[in-house]
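Peer 1: Pasting a structure here, questions to come.
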Amino acid sequence: MADSPSFRRHPLASSVDLVRWLPSSSTSPSGRLLAAAVHDPTSAPADSSIHLLPLSDPGSPLASLPLPSRATALRCSPAALAAATSSGSLHFLPSSFDSDAAVSVPGGAGFHVGPVRGLDCGGEEWVTAGEDGRVHVVGGAADGRVVARRVWDGKGMSGYEAARWASPVEFATGGAGCGVQWWDRRKGDAVVAQYNGIWGRGIVTGMVHSIDIHPSRKHICVVGGSSGTIFAWDLRWPQQPIPLSGVGLNGTAEPVCESEVWEVLFDTYTQSSDIISSASARILPVMMCSEDGILAVVEQDERPLELLAEACAINSFDIDPQNPSDVVCALEWESIGVLTRGRDAMAEE
Amino acid sequence: MPGMPTDGGGAIVPFTGEPGQGAPPVRPIRHGVAPPIFRTYVSWSSGNLLQVACLRPPNSEGGGGTVEVVGSVVEVNLGDGGSGGSEAEEKIDEAEMRRIEYGSVPAFALLQSRKNSLADAATMSHVPSVPDHEEWWQYVLEYSKTIGNLLGNPDPPVFMIEDPMTILKFREKPTSLRAAWELLEIFYVDKHLQGWLPERLVDWLADFDSLLSTMVSTVYSKLSNFQKKLINLQIVEDDPDYWNGLSAALSVGWLDIVVNMLRFHGSYQLDQMDNRETENGLVEAVAVLVSTMPRLRPNLPTGKLGQCCKTRPDFIKAWEKWRGQVTKLECSAFWIQCGHQKTRDGLKNLLHIMMGNVNKLTDATSHWLELFASHFLYIKPFTVGFEGMHHLAQKCIQLKPSSGTNGLTGLILGVLSENTEVVLAECTKNFGPWLVTHAMELLTADNDYADVMLHEERPNLGGISIEELHRLVYAQVLCSHSLTWQIAPTYLSSCLNQGLGLLEILLLKQPIQDNCLVLKTLEICRLYELENVSTIIMKIAGIYHWKHGRKGTGVYWFQQAHDKVCLDRIAQQLFEHIGKSVTDDSFKQWEGLLELLGSDIGSAGGLEFLHRYRDFKKSLQQALDRRCGARQTVDFLIQLMKNPSTPQRFWLPLLHDSVELLNSKLSPLMNVAETTLLLNKLQELSMAKLRPDFSSNHLPSHAISSVRLALASNLARAILGDP
């Protein structure tokens, strides 16, 4: 089980639920940084926190932010790192990583009740979508506090698992059984388009776990969810989704995995095999991670490119926006993995 | 009495049952329940959490009006600070142990699948079920190496600037777990190196000598004590510990350390070179002899000294030559010219050790295992066979009775006595279920007796084999921790008799509060094809979410479980809801749920009606606002009234809602047949009204007559309009 030269595992001694690259600044003395949401059920009471880890030595955190419960979503923007929890709270850590300066929105009747799995930053504002069916837009007030405004209260009739901004006025959500929704804030904060999704194995509905929208093609969502399903949903043809992977879906290549697809992200590093892709209608390459331990790049009408096949689940991954060849992933067995792609990796060894 | 609340602080006293174990640990619990406490329940929660429920008597004098806590459930963590004992320095911490547990899963699973495919191939070809030994042995060796690597790497880091005065090289602290694993690998698996077994034991001792005893001194402890002393020593050769350390290190074959230490000798110092020339020559001669000692082994790791002889004749030739040189030096005339008494005695002692003097070896070593190793090196280099080794071990124990035994020496004795039961018992006692479960494969690799003994199904174990028993025990350990339960199925699935039953119990016990965790559990169900278990889990999850107000998620899980019964019951509940607020047009909040139900009505059970009802209401609203044609609304109405799944109690509200629309048009909206259908339904309803089980709704009493009037006028117009 020797690691390939470009992949390294770092044990963390507690369960790692989510992991993200932090935007690196040239002034940072410790080099590139990672943020990881860790959960340790062995201590009493169970301890959850966000750790800031240097890439050079991920075993020893530089700073940490305690959370009231297990983290369910983690995103970062240039200004802050935000984490949502299973008890419905939202926490912001400013980019100075001073945990005294952290602000939070407590969970409860006024915000979310239960896990908040959809979280994304759209420039000034953050969107949150919870399993309780509520959608909030959270922004900063003048006095440094954060203010949450309720966009929608589904009263539990539908539960959301993912949220992603497309533009400052539009975002997409997805959830259990309800497929994908497109929200437009200019039209009274309402759902303007909706699609139930295509799911394999003859089931009618599935659960959406992750949505990504490419900044240059804001009308296309790529969605990952149950039964190894990944599809792209183009707002211009909302009833004709493009299957990228899935079990038993007609017209697709073999499925890259058969279990839950936990996260999807457009992979800016992999060059599309279609040279004139920027002009064509093809969906750009998408990276995914799954419960059965697969990290792969899938492309429309192409064989998937498997990057990792781990023995345990890959719960989360992130592509470094500044160095897209580097990928970090959170492994079920209490460790994080750092994958370096391309020639640089070979030269290093 | 044990297990009962005491009168004092309400503490629970666990009962250990064994006298002489010291006081049992007492944990005070803050349960906040005022005495008297009537009943206490204790049950295991996940991991090492204990749930303690304390209840007051049901009808104790309630103190009129003051709300009192009648009971509470407290979780007690038995893990923190419970043991409190400082057992051994090299103890592996929990996180490290979990890392080992995770890492060993793929190796174990691979070996099991290879075993199964070899067995399948054997049955297919009708060859007697002896697997290809050579091949199998390679697989086990690969498995053993993979797991050995997980337990830590004894090689020192490559880039290290070493102080020339360092005797013992810095390296990762060895663990007994690794020592035990290597020992089993040496004796049971590595057949290629069987001929060099004595030398392998010597190597093993070099790696793990520090673990042998913490009470009695060992070669390792002698050397590390001398190392501490070395900084303050002016003239090393005057110190008896220097010579003791040298002879100890030489006796167990740590030749590189001996040569390095000999170079500390004062005669090497430049200012003394001239007047201690002979002495220095003798020291150097001994150092050369030490570094050229012949060793019966194929190769040596870098940094280790000696000359390797792969075959026995080569070795005998080299050995006789070398022994001759040692004897020659011993009889040399130069000793008389050596003025330093301690150097002379010390060096002579080293020579005697090299010549295999039993008394000198016994003096130089401390632990019986060290003496055992020194016999291999200097007296019986050709010792082979477990019987001879066991005999020698017994002799060494008699010579060094004080050394006692710990887990490792017990294991060695068990191995040498060729008693698999003892080996297994020692492993269980000292190294825990992880080692036993994984080492089982090593024991049976090439040992037919062990194979039969471990795989035989025993009635006194409930029909399972010893191997299965240990796997089940290990799986239980894994299940008890919320981070490792996910790897337990690998082991349970390898237990043919009771594994699957326990796996089902394990899966059904997992928490269902979190959707992601449920999905992880379901994934395991999918891998092991436990569809019935996954259906049950989905239903439990559905009920949980429904009860906690997340109706959409609840319905999702029921749909996944294809649970028609629950979906129908949910539909009934929703009808109640809608029945009350039927005039209220706030359908918006239902929108999400109805979307969830999807267009494929079949899977929604009784909820199908809701979907159509929503369409009707929407269309009615639009028709009244004159945004679309009334005809579409009427179509929806007719569909609803025709459909058998529409509950009867909705008939009147539906018709009543449409009255306004029917009356607003001058031209007829429905043809004769449609109007007649609706009138018939209305008639049926009027009849049903007389039955006692009729559920009335909150409509005005004149509702029926107004509907009837509207329908009648529509009928009249339709008849007139009919050509």
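The values are calculated or read from the model by the stated rules, or taken from the named source; none is laboratory data. Being a predicted model, the structure only gives us computed values, none of them experimental. When we count neighbours, we look across all protein chains shown, and the Cβ atoms used for this are built from the backbone with ideal geometry, even at glycine.
Peer 1: May I ask you to say which residue of B:L478, B:L454 is of a type outside the set (S, T, N, Q) and in contact with a Phe, Trp or Tyr (Cβ under 9 Å, 6 or more places away or on another chain)?
Peer 2: B:L478
Peer 1: Continuing with the same structure: Under 6 Å by Cβ, and 6 or more places apart or on different chains, what pairs join a residue from the stretch B:670-682 that is under 15 Å from B:H656 (Cα atoms) with one that is of a type in the set (S, T, N, Q)?
Peer 2: Correct list of pairs: B:T675/B:N714.
Peer 1: If you don't mind, another one. Any residue that is within 26 Å of B:L211 (Cβ to Cβ) and either outside the structural domain of B:F187 (by the TED database) or not hydroxyl-bearing (S, T, Y) (or both) - is there at least one of those in the stretch B:496-512?
Peer 2: No, the stretch B:496-512 contains no residue that is within 26 Å of B:L211 (Cβ to Cβ) and either outside the structural domain of B:F187 (by the TED database) or not hydroxyl-bearing (S, T, Y) (or both).
Peer 1: Out of the stretch B:324-351, which residues are of a type in the set (G, A, S) and either on the phi > 0 side of the Ramachandran plot or assigned to a helix (DSSP H, G or I) (or both)?
Peer 2: Selection gives B:G324, B:G346.
Peer 1: Further, regarding this structure: Would you mind stating whether A:K187 is basic (K, R), surrounded by fewer than 21 Cβ atoms within 10 Å (Cβ to Cβ), more than 22 Å from the chain's Cα centre (by Cα) and within 14 Å of chain B (Cβ to nearest Cβ)?
Peer 2: Criteria not met by A:K187.
Peer 1: Could I ask something else about it? Tally the residues that are in contact (Cβ under 8 Å) with a residue 24 or more places away in the chain and either surrounded by fewer than 16 Cβ atoms within 10 Å (Cβ to Cβ) or of a type in the set (D, E, K, R) (or both), restricting the search to the stretch B:345-361.
Peer 2: 3
Peer 1: Out of B:E441, B:E421, which single residue is assigned to a helix (DSSP H, G or I) and over 19 Å from B:S494 (Cα atoms)?
Peer 2: So the residue among B:E441, B:E421 that is assigned to a helix (DSSP H, G or I) and over 19 Å from B:S494 (Cα atoms) is B:E421.
Peer 1: Could you check how many residues of the stretch B:265-284 are crowded, with 18+ Cβ neighbours inside 10 Å and touching a residue at least 40 places away in the same chain (Cβ under 8 Å)?
Peer 2: Qualifying residue count for the region: 6.
Peer 1: Separate question: Given the conditions (1) in contact with a strand residue (DSSP E or B) (Cβ under 7 Å, 6 or more places away or on another chain); (2) closer than 20 Å to B:E370 by Cα, report the number of the one that B:L255 does not fulfil.
Peer 2: Condition (1) is where B:L255 drops out.
Peer 1: Is the stretch A:196-215 home to any residue that is within 15 Å of the chain's Cα centre (by Cα), more than 13 Å from chain B (Cβ to nearest Cβ), farther than 25 Å from A:V138 by Cβ and part of a strand (DSSP E or B)?
Peer 2: For the stretch A:196-215, residues within 15 Å of the chain's Cα centre (by Cα), more than 13 Å from chain B (Cβ to nearest Cβ), farther than 25 Å from A:V138 by Cβ and part of a strand (DSSP E or B): absent.
Peer 1: I'm checking my understanding of the structure. Among residues of the stretch B:272-292 that are among the β-branched types (V, I, T) and within 58 Å of the chain's Cα centre (by Cα), which one is farthest from B:G253 (Cα to Cα)?
Peer 2: B:V283
Peer 1: Here are some residues: A:S167, A:S86, A:S158. Which one is at pLDDT 90 or above and within 14 Å of chain B (Cβ to nearest Cβ)?
Peer 2: Among A:S167, A:S86, A:S158, only A:S86 is at pLDDT 90 or above and within 14 Å of chain B (Cβ to nearest Cβ).
Peer 1: Quick one: is A:T72 within 14 Å of chain B (Cβ to nearest Cβ), more than 21 Å from A:G114 (Cα to Cα) and β-branched (V, I, T)?
Peer 2: Considered against the rule, which asks whether it is within 14 Å of chain B (Cβ to nearest Cβ), more than 21 Å from A:G114 (Cα to Cα) and β-branched (V, I, T), A:T72 comes out as no.
Peer 1: Residues being surrounded by fewer than 19 Cβ atoms within 10 Å (Cβ to Cβ) and either part of a loop (DSSP other than H, G, I, E, B) or within 14 Å of another protein chain (Cβ to nearest Cβ) (or both): count how many of those fall in the stretch B:494-511.
Peer 2: Going through the stretch B:494-511 one residue at a time, the tally reaches 4.
Peer 1: Sticking with this one: Can you find, within the stretch A:201-216, the residue that is surrounded by the most Cβ atoms within 10 Å (Cβ to Cβ) among those that are touching a residue at least 40 places away in the same chain (Cβ under 8 Å) and touching a strand residue (DSSP E or B) at 6+ places or on another chain (Cβ under 9 Å)?
Peer 2: Step by step, filter the stretch A:201-216, then rank; the result is A:V208.
Peer 1: Give the residue, chosen from A:E310, A:E299, A:E306, A:E332, that is among the acidic types (D, E) and touching a Cys at 6+ places or on another chain (Cβ under 8 Å).
Peer 2: The match here is A:E332.
Peer 1: Among the listed residues B:Q639, B:Q622, which satisfies the condition of being assigned to a helix (DSSP H, G or I) and without any contact (Cβ under 8 Å) to a residue 24 or more places away in the chain?
Peer 2: Every option except B:Q622 fails the conditions.
Peer 1: Determine if the stretch B:359-375 includes at least one residue that is assigned to a helix (DSSP H, G or I) and modelled with pLDDT under 90.
Peer 2: no
Peer 1: Additional query: Name the residue that is nearest to the other protein chains (Cβ to nearest Cβ), counting only residues in the stretch A:43-59 that are crowded, with 18+ Cβ neighbours inside 10 Å and out of contact with any Ser or Thr (no Cβ under 8 Å at 6 or more places or on another chain).
Peer 2: For the stretch A:43-59, the residue satisfying everything is A:P58.
Peer 1: Residues that are at pLDDT 90 or above and more than 19 Å from the chain's Cα centre (by Cα): list the strands (runs of 3 or more DSSP E) wholly contained in the stretch A:258-349 that include at least 1 such residues.
Peer 2: Once the strands (runs of 3 or more DSSP E) in the stretch A:258-349 are filtered for at least 1 residues that are at pLDDT 90 or above and more than 19 Å from the chain's Cα centre (by Cα), what remains is A:305-309, A:335-340.
Peer 1: In the list A:S99, A:S86, which residue meets the criterion of being surrounded by fewer than 18 Cβ atoms within 10 Å (Cβ to Cβ) and in contact with a strand residue (DSSP E or B) (Cβ under 6 Å, 6 or more places away or on another chain)?
Peer 2: A:S99
Per-residue answers, yes or no, for (1) in contact with a His (Cβ under 8 Å, 6 or more places away or on another chain); (2) outside any helix (DSSP H, G or I); (3) within 14 Å of chain A (Cβ to nearest Cβ):
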site: B:C427; (1), (2), (3): no, no, no
site: B:T437; (1), (2), (3): yes, no, no
site: B:A488; (1), (2), (3): no, no, yes
site: B:Q513; (1), (2), (3): no, yes, yes
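Residues are listed down the side, and each one gets a yes or a no for (1) at pLDDT below 75; (2) away from every other protein chain (no Cβ under 14 Å):
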position: B:G81; (1), (2): yes, no
position: B:S104; (1), (2): no, no
position: B:T146; (1), (2): no, no
position: B:N153; (1), (2): yes, no
position: B:F159; (1), (2): yes, yes
position: B:E172; (1), (2): yes, yes
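Peer 1: Considering only residues that are without any contact (Cβ under 8 Å) to a residue 24 or more places away in the chain and either part of a loop (DSSP other than H, G, I, E, B) or more than 60 Å from the chain's Cα centre (by Cα) (or both), look in the stretch B:304-323 and name the one that is surrounded by the most Cβ atoms within 10 Å (Cβ to Cβ).
Peer 2: B:C309
Peer 1: Which of (1) touching a Leu at 6+ places or on another chain (Cβ under 7 Å); (2) crowded, with 22+ Cβ neighbours inside 10 Å is the odd one out, the single condition A:A162 does not satisfy?
Peer 2: Unmet condition: (1).
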